[in-house]
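See structure below.
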Amino acid sequence: MKETLAHFKKLAMSVMVATTLALSTTAASAADRSLNVYNWSDYVDNDVLKEFTEKTGIKVNYDVFDTNELLETKLLAGASGYDLVVPSANFLGRQIEAGVFQKLDKSKIPNLSNSWDMINERIAAYDPGNEYSVNYLWGTIGIGYSEEKVKKLLPDAPVDSWDMVFKPEVASKLAECGIYVLDSPSEIIPPAMKYLGLEPKDLSADNLKKVEELLLKVRPYIKKFHSSEYITALANGDICVAIGYSGDIFQAESRAAEAKNGITVKYSVPKEGSLMWFDQMAIPKDAKNVAEAHEFINFLMEPKNMARISDAVSYANGNKASQEFIKKEITSNPAIYPTEDVLKNLFTMLPFDSKTQRLVNRTWTTVKSGQ
Amino acid sequence: MQRQFDWGRFLLIAIPFLWLLIFFLLPFAIVVKISLSDTANALPPYVPTLNLSEGWSGITSFISQLDLESFAWLLDDKIYFLSYLNSLKIAFISTLLTLLIGYPMAYGLAKAPQRWRTVLLMLVILPFWTSFLIRVYAWIGILKPEGLLNMGLMSLGLIDQPLAIINTPTAVYIGIVYSYLPFLVLPLYATLEKLDQTLIEAALDLGCSPIQAFWKVTFPLSLPGVVAGCFLVFIPAMGEFVIPDLLGGSDTIMIGKTLWSEFFGNRDWPVASAVAVVLLLSLVVPIVIFQRMQERQREAEA
C-alpha cells in the first residue's frame, strides 16, 4: 500500500512537471510570430516566402485553394483562421459588403507607393478607394493549346478565337486529343456571352439560356471541368486544349519545355474578347496576426520580391516599381502584358447579386451534367 | 417495499442518449434553423428568422412568417430530385456489389484456421492506416487512361485502346466498393464467427448438402450482420461527396455534390441545409420503420 502511494506521488509529481513544461513551451511559442496565408495554387515563389521568414522571424503557414467559391465559403463561415487571403476582385467586392475584411492600415505598408495607378483605378470599381486590398497579380482568361497536337488534327485551327472550344465543328475535332475547361461559371459564361455577341454584364435569364444552348452543343467534346488540373494535363500531353488562367498556361508551357517531351504549349487571348481579372490581398476582420499580415504585404510590395513572384508564375503584378526587375520575356509577352490592341478586347465583371449568381450557377450545372 | 432508484441503470441509458442529443439532435436542430432562414450577403451568409432573444414575441413572429421557402425551392427544380435518385441508385448498386464481394471474404475469414485469422483481419483493416483521401487519389493513378490498369491490360494484349473508366460512374462504383468494403466485412465476420457450428453439423446429419446447409442455416443466421454491414455501406455512400468528386465525371450528379454547389457555388446555406434535412429524413425514417418491423417479427417468432 505504501509503495503504491509512493508510486502515486511520483506520478503526480511527473504530471505536474510535465504540465509546467508544457505551459512554459506554449508561453515561448506565443512569442514565435506566425502568419496564416490562403492563396491560389501554383501562385508563389517559395524562395520569397523563405526569405520573408528569415528576415522577420515570422513563420508562414501557406495553404492553397483553386476556386473563389471555396475561399468565399470559408470566409463567410467566419473564423477561417487565415490572416491573409487572395480573392479575385469581383468576389472581393461583395465580400467587403458582407463585412468580411478589415481596412488596411496603410501607414504600415510604406511600399504601397510602388503600386500601379493603372491597376488601382480598375480595382476601385470593386474596392472603392483601395481601402481593403492590394493587388497581388492579375491576368486574363484565354485558351491554352498544345501546338503540335492541335496542328496534327486541324492544321488551320482558329487558335486566336473562342471557336476552338465554342464551335462544335472545331471542338469535335479537338476532342480527340482532349479539351478541359475551367470549372468556374463566373469566368466562362461572360466570355461565352461575348462570343455570342451579347453584352456580358446583361446576365438575364434569356441571355443565359442562349449561353446554355451554346455550351450544351459543345459539352460532349469537353473532357473535364476543373480549375487546376489542366496545368499538368496540358504539360504532359493528356489534353491539347484548355480554357484557363493565363499564368497557369505559361506554367504548363515551361513544365513541358523542361520535360522536353515534344509538347509546345501556347496561350492566346481570343479576339472576340475575354475576361481580365485581379487577385487582391486582403486581411479578414477576425485575423489573429494582423501586424504580421501587414508586414507580409509590405515585404511583397518591395519591387524585387514582387518581380520574383511574377518571374516564377508568369503573371503580371500590380507593382509599377517592380516592372524593371521582371524578366524581359515576361514583360514583353503581349499575352501577359497586353498591348493596347489586346487590352481593347479585355473586359472586367462586377460582382453578381445572389439571384444572378444562382441563375449563372444553375446554367453551369445544366451544362456540366446535362440536367 | 419501495424500490430503490437504480442509478447504474439510469446512467447506462442516459449516456448514449446524451451522446445522441449532443452529437446528433443539436447539430440537426442548427441545420433545421438555417434551413428556415433567409440568405443574405453577410457573415454568416443568412439571417435567422427565429429570434430567441425577443422571447415569446420572437417565436410567434417566427411562426407567423414561416414560409418553408427553401424547401419549396427544392420542388421547383428537378435537379434535387434527380441527384437524390441518382445517389439512391449508386448507393444501392454499390451496396449490392460490396455484399457480393464482402460476404465470401467474411465467410472465408470466419472459416479460416485460428492462427490465420488475426493476420487476415489485419489485412482487411490495414488500408485504414492510410488516409482515405490518399487512397481515393491512388485510384486516379490506377484508373486513368495511362494508368496502371490500362497499361497492364494493354501490355498483356487484352485491349488495344485504354478503357475509359476514370470520370465515369464505373469509377465511382469502384471507389465506393473499395472504400466501404471493410465496413461490411467486419460486422459480417463478427456474426459468422459466433455462429453455432453444431447447427450446421445437425443440418448435414439430417441430409442437407453443404450448399443447402449454407442457405438454410448459415445465411439466415448471418442476416443481422448482413443488415448491419449493408447499412454501414449504404448510408455513407448515399451522401458521399469525395469519391464522385474525384473519380466521377462532371455528369455524375449526386446529392453530396449538389449540396456542395448550393453551399459553395450559390452561397445559399438555407437551401443547402434544406437539402441536408430532406436527405437525413429520407434515410432515417425508412430505417426506423425497418428496424421496428424487424423487432416485431422477432417478437412474433419468440
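The values are calculated or read from the model by the stated rules, or taken from the named source; none is laboratory data. Bear in mind that the values here come from a model prediction, so they are computed numbers and not experimental data. Please note: Cβ atoms are built from the backbone with ideal geometry, for glycine as well, and neighbour counts cover all protein chains shown. Remember, those area values only see protein heavy atoms, side chains included, never the ligands or the DNA or RNA. Shrake-Rupley method; radii C 1.70, N 1.55, O 1.52, S 1.80 Å.
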- Note on the structure: Excluding residues fewer than 8 positions from A:LYS173 in its own chain, the lysines with Cα under 18 Å of it are A:LYS149, A:LYS151, A:LYS152, A:LYS217, A:LYS223, A:LYS224
- Message: Quick check: the distance between the Cα centres of region B:234-302 and region A:239-267, to the nearest angstrom?
- Response: 41
- Once A:ILE326, B:ILE63, B:ILE159 are ranked on solvent-accessible area with the largest value leading and a 1.4 Å probe, the list reads B:ILE63, B:ILE159, A:ILE326
- What spacing in nm lies between the two simple spin-label points modelled at A:GLU213 and B:LEU12, each 7 Å away from Cα in the Cβ direction? 7.1
- Just tell me, in residue order, which DSSP H segments of chain A are both 18 angstrom or longer along the helix axis (alpha-carbon based) and at least -0.5 in mean Kyte-Doolittle hydropathy. A:2-31, A:205-218, A:246-259
- Task: For B:ARG298, put the label point 7 Å out on the Cα→Cβ axis and report which residues of region B:202-225 keep their amide N under 16 Å from it.
- Result: B:220-225
- With a ≥ b ≥ c from the Cα gyration tensor eigenvalues, square-rooted, and the rule rounded for a/c under 1.5, otherwise prolate when a/b > b/c and oblate otherwise, region A:238-357 is oblate
- Query: With a ≥ b ≥ c the root eigenvalues of the C-alpha gyration tensor of region B:1-135, is it rounded (a/c under 1.5), prolate (a/b larger than b/c) or oblate?
  - Reply: oblate
- Task: Please go through the residue pairs A:LYS304/A:LYS328; B:LYS33/B:LYS257; A:LYS103/A:LYS285; A:LYS59/A:LYS304 and name each one whose alpha carbons sit more than 19 Å apart in this structure.
- Result: B:LYS33/B:LYS257; A:LYS59/A:LYS304
- In nm, to one decimal, how far is the modelled label at B:ILE289 from the one at B:GLN4, with both set 7 Å along Cα→Cβ? 4.6
- Rounded to one decimal in nm, the spacing of the 7 Å Cα→Cβ label points at B:LEU26 and A:GLU329 is 5.9
- Expressed as a whole number of Å, what is the distance separating the alpha-carbon centroids of region A:326-371 and region B:120-152? 37
- Name the lysines eligible as straight-distance cross-link partners of A:LYS210: C-alpha to C-alpha under 17 Å, and not fewer than 8 places from it in the same chain. A:LYS167, A:LYS194, A:LYS201, A:LYS368
- Task: Spit out the partnerless Cys residues in the protein assembly as shown, using Cβ distances under 4.7 Å as the pairing rule.
- Result: B:CYS208, B:CYS230
